[in-house]
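Notes to accompany the following structure.
Readers should treat all values here as calculations from the given coordinates under stated rules, not as data from a laboratory. No experiment lies behind these values; they were computed from the predicted model shown. Here the Cβ is made from the backbone with ideal geometry for all residues, glycine too, and neighbour counts use every protein chain on show.
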Amino acid sequence: MKPARGTTVIASILLIACLSGTVFTLDRVDRLRTGASLEEILYISSPKVLKRLSLGYDGLLADVYWTRAVQYFGHKHRSNPENYKLLAPLLEITTYLDPHLVVAYEFGANFLASPLPDGAGEPERAVQLIENGIRANPDEWRLYYNLGFIYYMEMSDYAKAAHAFARGSERPGAHSFLKILAASMAQHAGELETARMLWITTFESTHDKQIKSNALAHLRALKVEEDVTNLEKLVARYRERTGRLPASLNDFVSAGMLPGISVDPTGRPYKLMPDGTIEVRNPDDFPFITKGLPPGRQAPRPDFGKLKMDLPP
Amino acid sequence: MKARISYIAANTFREAVRDRVLYNLIAFALLLVGAAILVGQISIDIERLVVINLGLTAVSLFGMLIAIFIGIGLVSKEIEKRTLYTMFSRPVRRWEFIVGKFFGLAGTLVVNTFLMAIGVFAALLYVSHHLQKPDAWLLVALYFIILQFLMITAIALLFSSFSSPLLSAVFAFSLFVVGSFAEDLRGFAAMTKGVTRWLATGAAYLIPNFSALNVISSVAHGEAVSGQLVFYNSAYALFYAALALCGAVLIFERRDLK
């Protein structure tokens with residue numbers, strides 16, 4: 001039977017009109033329901049309940065929740081938000097459903113840790129998320145890297161950052177960069193012996209010239225810091241003994257407190273300043289030192305931009 | 001034309017009743033009464049919530065199943081019983097047959113939903129001894145459920161216009177499941193770029209959006225539904241049902257029934 005021409009034309013026109021109508025009305029509905037689906041979903045905020053409801057398809061549900069978390073973050077981020085209150089629960093649900101979804105720990109923790117409005121400003125929850133990730137994936141060195149990064153960038157806790165990087169560097173396949181980070185953080189935290197040990201390990205275990213030279217520069221900086229600390233202690237002892245400050249480093253040698261003039265790792269003698277502090281001759285030779293610098297020249301904060309090397313994908 | 005469509009619709013309704021479709025009401029009543037008594041004994045202060053959530057979910061799921069399983073047989077059954085040929089030997093056009101079938105099944109579902117709604121309100125009255133003002137939003141949720149039925153009925157008819165009953169059921173049910181995640185799909189599409197974005201967005205708009213029509217969780221918590229949402233959801237559901245029906249008509253017009 002031949003189709004009726006009139007019916008075909010009318011049905012086709014109606015079809016196109018209805019298609020346009022659905023697109024238009026759906027856009028309107030979307031505008032009315034911004035974020036509605038997320039709010040509805042968090043009526044079920046218990047990851048345990050969701051895992052049971054997933055009927056074993058928890059991997060797929062975790063992927064859906066991770067995508068939702070990304071969407072939520074991206075959407076809120078654009079609107080300069082006051083909070084990201086659903087971010088942490090969404091990430092907790094995601095990682096409970098699939099504890100091996102490493103990407104959710106890595107990026108999720110960064111979303112959580114960054115200060116508002118760039119992130120949720122919840123570094124403690126970020127640390128908790130990453131620690132959960134480490135418990136579920138103890139060999140994923142990237143998680144330790146992220147943990148150290150958060151301790152360093154958001155919490156300025158160099159000792160914990162150093163510890164996290166050091167733990168990560170012991171994981172199989174860990175990038176050698178973690179050792180450098182651990183040493184750098186330990187040095188900044190004032191743990192000179194730990195830092196020295198880590199830098200020596202880095203120096204000895206790498207064949208990369210850049211890493212070797214970096215480790216050497218840090219070891220020299222550690223030597224300077226140790227020398228400056230010791231010399232300043234000598235100044236204090238000299239003052240106690242004589243009642244005045246030494247005029248030069250030769251005074252220590254004359255007083256039998258030093259066998260000879262102390263020199264920095266480049267072979268230049270240290271400078272004794274009139275106020276009794278010790279400085280290096282050329283601070284530019286030691287980019288990583290925190291002591292022995294002239295007044296007004298601040299010790300550099302470890303810079304990830306400088307420290308960071310190309311991590312494998 | 002109007003009389004012919006009404007006649008086909010009335011026949012479809014009568015046939016559905018004869019097929020004991022409304023027997024699902026018994027299962028529904030047992031489910032609600034059982035849940036109300038059980039939850040009252042083993043939980044604290046969520047009887048109302050359970051009756052609303054379970055009641056409306058059951059209305060929706062029972063209706064969806066009826067829409068799909070009756071909808072997919074509307075065309076094939078007529079062909080199988082050869083009643084279609086008798087009908088087309090009279091001055092009945094193919095599009096009238098499709099539209100009449102749609103209204104017949106939609107009517108069955110509306111009646112079914114109305115009876116179930118009475119059950120939900122009765123159960124609610126039983127567990128909380130009185131109805132509250134926010135309970136009126138349940139009517140909006142029920143209205144949205146009916147809109148969903150219109151869409152799925154049209155979809156089932158579209159598939160049954162060219163496919164076997166079994167495949168039509170699979171297609172329609174799959175589309176129902178995918179449509180429940182429609183908002184996510186559009187979100188995913190928005191995150192892609194280039195040609196993928198165009199294709200994904202196009203596909204996301206073609207899929208029925210059932211998630212916007214599901215307000216069961218919100219009304220269970222007494223949350224209001226905006227008038228604008230009611231308006232645009234109604235328009236969307238009607239456009240989509242009409243779209244699927246036009247598709248069904250265009251296909252059925254070309255189908256060789258010999």
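Computed over chain B, relative contact order equals 27 percent, with contacts defined as Cα pairs under 8 Å that lie 6+ residues apart. Annotation for B:L166 and A:S213: the two label points, set 7 Å from Cα along the Cα-Cβ direction, are 7.2 nm apart.
Per-residue packing, averaged as other Cβ atoms within 10 Å, sorts the ranges A:284-297, B:146-159, A:155-168, A:188-201 into the order B:146-159, A:155-168, A:188-201, A:284-297, beginning with the highest. Among the residues of B:211-219, the average count of other protein chain beta-carbon atoms within 10 Å of the residue beta-carbon is 3.
Most tightly packed first, judged by the mean number of other beta-carbon atoms within 10 Å of their residues, the peptides B:202-211, B:226-235 read B:202-211, B:226-235. For peptide A:4-16, the mean count of partner chain Cβ atoms within 10 Å of a residue's Cβ comes to 4. Entry note, the stretch B:71-165: relative contact order of 61 percent, from Cα contacts under 8 Å with a spacing of 6+ residues. Relative to the dominant Cα principal axis of chain B, helix B:24-42 is inclined by about 20°. Think of the stretch B:2-254 as having a plus end and a minus end, set by charges on the Cβ of Lys, Arg, Asp and Glu; of B:V92, B:L49, B:P134, B:V92 sits farthest toward the positive end of this dipole.
Helix content alone sets the calculated 222 nm mean residue ellipticity of chain B: runs of n ≥ 4 DSSP H residues at -39500 (n - 2.57) each, divided across all residues, give -27000 deg cm²/dmol. Classify the stretch A:39-216 as rounded, prolate or oblate from the Cα gyration tensor: take a ≥ b ≥ c as the square roots of its eigenvalues, call it rounded if a/c is under 1.5, otherwise prolate when a/b beats b/c and oblate if not. Because a/c hits 1.5 or more and a/b exceeds b/c, the stretch A:39-216 counts as prolate. Length gained on full extension, A:E82 to A:T266, computed as 0.36 nm times the residue gap minus the Cα-Cα distance: 61.0 nm. Dividing the summed -39500 (n - 2.57) terms of all DSSP H runs of n ≥ 4 by the residue count of chain A sets its mean residue ellipticity at 222 nm at -20000 deg cm²/dmol. Once the Cβ-Cβ distance between B:R82 and A:S12 is put in as r, and R0 is 22 Å, what FRET efficiency do you end up with, to the nearest 0.05? With a Förster radius of 22 Å, E is 0.15. Taking label points 7 Å from Cα along the Cα-to-Cβ direction, B:L38 and A:L245 give a separation of 8.6 nm. The overall shape of the stretch B:139-198, judged from the alpha-carbon gyration tensor, is oblate: a/c is not under 1.5, and a/b is no greater than b/c.
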